[in-house]
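Presented below is the structure to which this report refers.
The values are calculated or read from the model by the stated rules, or taken from the named source; none is laboratory data. Bear in mind that the values here come from a model prediction, so they are computed numbers and not experimental data. For neighbour counting, all protein chains shown are included, and Cβ atoms are generated from backbone atoms with ideal geometry for every residue, glycine included.
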Amino acid sequence: MDVQFVIFYIGIASSSVCLIPFIIILINFKTINKHLIPLLWLLIINIVVEIVNVIFAQLGLNNQYIFHYFTVAEFTLISLFYSLFFSNYFSTWLIKILIPVFFILAYIDSRINGLNTVNNFSASVESIILIFYSLFFFYYVLNNLIFENLLSTPVFWLNTAILFYFSGNLILFVFSNHMERIDSIKYGILWSVIHTFFNVIYNVFLSLGFWKAKVR
């Protein structure tokens, strides 16, 4: 069986999973808290990007520049999610400042590496910052006993989804350009296996979070 054929259909399966949390959040849309709205927008953008990527793959076109823009949108919306949540407890000026700072880093990445290569620098920085946010979330809510039953809260599952996805893919993001230059076929297989695994977990946890995302 052709390797590219397998990689393509693994990618289709991975992309399709994002429809599950999107459908769930639409069902609960009228009752969710406002800090979850940025994640709804992220899901919408993600679905559009996945559809475009499938079309580009069918046409044999380079789609790497799409990920440069998507990374910026993803970082911004997830940062807004954390900012809106933590704003109930303290000032979130640092999170707000890091958004334009990341814009600058992403622009530098695009200028140095070009838009037609993997944006490993901005994706790696994004992952490190979001891993820090997610770990700080666990530290803060456990240290301050914000919730009586943490597992019953949507933010626990959403935060866990973010931690699993970005920590699991961090090494892959860091060495993407290097691995692609060495052997693009093996890199494609590695990306499909690792990224698909963590992407499925990510969307399962998002689905659990949105399922519990009703205002009590």
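Descriptive notes on the structure:
- For region 184-196, the criterion of being outside any helix (DSSP H, G or I) and at pLDDT 80 or above is met by none of the residues.
- The listed residues are F173, F132, and the only one of them that is out of contact with any Leu (no Cβ under 8 Å at 6 or more places or on another chain) and buried (at least 19 other Cβ atoms within 10 Å of the Cβ) turns out to be F173.
- The residue that is nearest to F175 (Cα to Cα), among those in region 94-136 that are touching a residue at least 24 places away in the same chain (Cβ under 8 Å) and among the β-branched types (V, I, T), is V118.
- Enumeration of residues in region 55-95 that are surrounded by fewer than 14 Cβ atoms within 10 Å (Cβ to Cβ), out of contact with any Leu (no Cβ under 9 Å at 6 or more places or on another chain) and in a helix (DSSP H, G or I): Q58, L59, W93, L94
- Criterion (of a type in the set (V, I, T) and over 15 Å from the mean Cα position of the chain (by Cα)) met by exactly one of V204, V193, V200: V193
- Looking across region 176-216 at every residue that is basic (K, R) and within 16 Å of W157 (Cβ to Cβ), the one that is surrounded by the most Cβ atoms within 10 Å (Cβ to Cβ) is identified as K212.
- L105 meets each of the listed conditions (1) part of a helix (DSSP H, G or I); (2) exposed (fewer than 14 other Cβ atoms within 10 Å of the Cβ) apart from (2).
- Close pairs (6 angstrom Cβ cut-off, 6 or more residues apart or separate chains): over 28 Å from I66 (Cβ atoms) in region 25-47, part of a helix (DSSP H, G or I) and modelled with pLDDT under 85 anywhere: none
- Selection within region 142-168 - of a type outside the set (F, W, Y), over 25 Å from S127 (Cβ atoms) and outside any helix (DSSP H, G or I): L145, I146, E148, N149
- Only one of the listed residues (F121, F102, F137, F132) is farther than 22 Å from L208 by Cβ, at pLDDT 95 or above, of a type outside the set (D, E) and touching a helix residue (DSSP H, G or I) at 6+ places or on another chain (Cβ under 9 Å). That residue is F102.
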